[in-house]
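What follows is one structure encoded as structure tokens, with my remarks underneath.
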Amino acid sequence: MNKILMSMIIMMLLLVSCSSDDNELKSNDKDAYTEYVNHSVVQRDSKRYSQFVYNVKSVTTNQLKGYLELTTVEGKKFKSEDFNVSPGGVTTVTVLVEGQVSDVGFIKDRKLYVRPVIAFVDPLLPIK
């Protein structure tokens, strides 16, 4: 009984030490890729924004979590909301850029940050 309990504690510690948070996402273009869809001008809170829309396509067998980051020619970075994409699926992601932009050439670089979603399962503890 002690061996089982001890092995379960060790497994839980390994699971916690191997987990990561959103800050450890890395730019990853082999698990998913982006395709430009369109852009438009929107107004929120009396400010104008350019809304860039991209499709994020997964090419892996795992569910992915991440965000898209756009860099303008001025060097400013804008980030999308966090998103999830199913294995082999597609999701639409929008990024708001401050100001009114006339064309796509304003975006110098785009980076996709994704990681696999890890499902946490509570271990079954022995009943005494």
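For the stretch 53-121, the strands (runs of 3 or more DSSP E) that sit wholly inside it and include 2 or more residues that are in contact with a helix residue (DSSP H, G or I) (Cβ under 8 Å, 6 or more places away or on another chain) are 64-72.
For Lys65, the test of being modelled with pLDDT of 90 or more and over 14 Å from Val95 (Cβ atoms) is passed.
Within the stretch 82-93, is there a residue that is closer than 21 Å to Arg44 by Cα, under 20 Å from the mean Cα position of the chain (by Cα) and buried (at least 16 other Cβ atoms within 10 Å of the Cβ)? Within the stretch 82-93, one or more residues are closer than 21 Å to Arg44 by Cα, under 20 Å from the mean Cα position of the chain (by Cα) and buried (at least 16 other Cβ atoms within 10 Å of the Cβ).
The values are calculated or read from the model by the stated rules, or taken from the named source; none is laboratory data. Fair warning: this is a prediction, and the values are worked out from it, not measured in the lab. Every residue, glycine as well, gets a Cβ built from its backbone with ideal geometry; the counts of neighbours run over all protein chains shown.
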